[in-house]
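First comes the structure, then the notes that go with it.
The values are calculated or read from the model by the stated rules, or taken from the named source; none is laboratory data. Owing to the predicted nature of the structure, the values given are computational and were not obtained by experimental measurement. In this analysis, Cβ positions are derived from the backbone assuming ideal geometry, glycine residues included, and neighbour counts consider all displayed protein chains. All accessible areas refer to the heavy atoms of the entire protein, side chains included, with ligands and DNA or RNA removed. Shrake-Rupley method; radii C 1.70, N 1.55, O 1.52, S 1.80 Å.
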Amino acid sequence: MPALSPLAPARFPALAPIAGVRLAAYACGIRYTGRDDLMLAELAPGTAVAGVFTKSLTAGAPVLWCRDCLGGGTARGIVVNSGNSNVFTGRAGNEVVERTASTTARLFGCDPREIFISSTGVIGEPPPADKIIGALPRAAQHLVAEAWEPAARAILTTDTFPKGATATAQIDGVAVRLNGFAKGSGMIAPDMATMLAYVFTDAALPREVLQPLLAAAAVRSFNAITVDGDTSTSDTVLLCATQQAAHRPVTQPGDRRLAEFRRALDRVMIDLAQQVVRDGEGAGKFVTIAVTGAASARAARRIGLAIGNSPLVKTALSAGDPNYGRIVMAVGKAGEKADRDRLAIAIGGIPIAGGGGPVPGYDEAPVAESMKGREITIEVDIGVGRGKATVWTCDLTHGYVDINASYRS
């Protein structure tokens, strides 16, 4: 595993068990040695599932399988392997997915289409079917309710740390828990909605409620991050509700009784999304881009992502160079309504540009000083409306080149 990101959290959070969820991690030797590379989750019968997936037109076989299975509305298991993405692998890739699902279904006594599958790693290499299939019965022997961190570690590729998050909420006065874990470090510009995330809750919510909740939360979290501007062929986020909590039935996603649950879901998914950015390949700085005054929230997010995806902006951030001209450039290329003479920019809370040029008396020194830190905030007011959005990114360093130049070696 690469050296730990300087932006990594101090530790993996303490995730308490969730009724109806058991997890296991296992080493089957797909690509890595001396570490787990297979994650298996067993879910209680009747568990509802929602999902959002990459919009890539070259999506992998596991994504296509999950999309087809999602209509069934229930999940009994999730299988995730790292080291091989099972993308651009033709008929052989489809057969691996089908065999994985049928083998796991026999272990859990369910329909194969209740087994959801994800793969992450190198694109274009046939997955080692026998290693994956052969490991499943052995992995199932290790299923326990507490294995959150081992499960999170098993799905990593170029990540430097496992990513977990938890929150609690109440529905009708009944406490419910949400736990999630994710992987992602490079090829990060999710469009759903090599990034994977799994969130579990004991709430008794049907798929018809879960799906719109997940889709909305994805816009505010995973679809608001970027590391390098490249959208993975494997992006998957699944939300599973085991139905174990004893609250009254909820049938509508807009039910006011879900207000606290929606906030908790947002917290978990934003936490995980931000951890992905903090583990960006070669990253040294975590960057928040707050866009206001845009024509719409959608426009604000597009402008924020244009700034966050710009190699020129990202290299300036790495160098601690307050070159606001690069931000102006990125706003202009986003294709959204903007007014050059109303545009205002601040870095680290210090106004640096507005009214068509630098602010009067602008002194670059304190801005450059603030940019030496690990956390940087860029505020951009477009000046044309009331739309706003927040996007998270990281800087671009030579470490990114080093990691990706040797990815397959």
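With protein chains left intact and a 1.4 Å probe, residues in the range 238-330 average 37 Å² of accessible area per residue.
Just going by the charge dipole of the chain, with Lys and Arg at +1 and Asp and Glu at -1 on Cβ, which of 204, 122, 89 is farthest out on the positive end? Looking along the dipole axis, the top candidate is 204. What the range 346-393 shows is 52 Å² of accessible area per residue, with the surface traced by a 1.4 Å probe over protein heavy atoms.
When the alpha carbon gyration tensor of the chain is reduced to an equivalent ellipsoid, its three semi-axes come out at 38, 25, 18 angstrom, largest first. If eta is 0.692 mPa s and T is 37 °C, what Stokes-Einstein diffusion coefficient results for the range 83-148, Kirkwood Rh from Cα pairs, in µm²/s? It diffuses with D of about 259 µm²/s by this estimate.
Couplings 3J(HN,Hα) of the range 223-239, computed from phi: 8, 10, 10, 7, 10, 9, x, 9, 8, 5, 7, 10, 3, 8, 10, 10, 10 Hz, in residue order, whole Hz [Karplus 6.51 cos²θ - 1.76 cosθ + 1.60, θ = phi - 60°; x for Gly and Pro]. Note that the range 12-63 shows a convex hull volume over its alpha carbon atoms of 166 Å³ per residue. Over every Cα atom in the range 250-385, the radius of gyration and the widest Cα-Cα span, Dmax, amount to 17.0, 58 Å.
Taking only the C-alpha atoms of the range 115-176, Rg followed by Dmax gives 16.3, 50 Å. Report the FRET efficiency, 1/(1 + (r/R0)^6), for residue 67 and residue 208, where r is their Cβ-Cβ distance and R0 is 25 Å, rounded to 0.05. Efficiency, rounded to the nearest 0.05: 0.90.
Once you reduce the range 283-361 and the range 364-409 to the center of their Cα atoms, the two points are 10 Å from each other. Sorted from longest to shortest, the spans of the Cα atoms of the range 182-330 along the three principal axes equal 55, 32, 23 Å. Just to confirm my numbers, what's the Cα centroid distance between the range 128-184 and the range 69-115 in Å? Going from one Cα centre to the other spans 16 Å. For the range 239-314, the Kirkwood estimate of the hydrodynamic radius, built from every pair of different alpha carbons, is 15.8 Å. Think of a 1.4 Å ball rolled over the protein heavy atoms: the range 1-107 then has 42 Å² of accessible area per residue.
Using θ = phi - 60° in the Karplus curve 6.51 cos²θ - 1.76 cosθ + 1.60, the 3J(HN,Hα) couplings for the range 59-75 round to 4, x, 4, x, 5, 4, 4, 4, 4, 5, 7, 4, x, x, x, 10, 9 Hz; x is entered for Gly and Pro.
For the chain, what is the number of Lys pairs with C-alpha distance below 28 angstrom, counting only pairs 8 or more positions apart or on separate chains? Going through the chain pair by pair, I get 29. An ellipsoid equivalent to the range 1-125, defined through the eigenvalues of its Cα gyration tensor, has semi-axes of 24, 21, 15 Å when rounded to whole angstrom and sorted largest first.
The apolar share of the surface of the chain, taken as the fraction of accessible area on carbon and sulfur atoms (1.4 Å probe, ligands and nucleic acids excluded), comes to 52 percent.
For the chain, the dipole from Cβ point charges (+1 on Lys and Arg, -1 on Asp and Glu) about the Cα centre works out to 560 debye, to the nearest 20.
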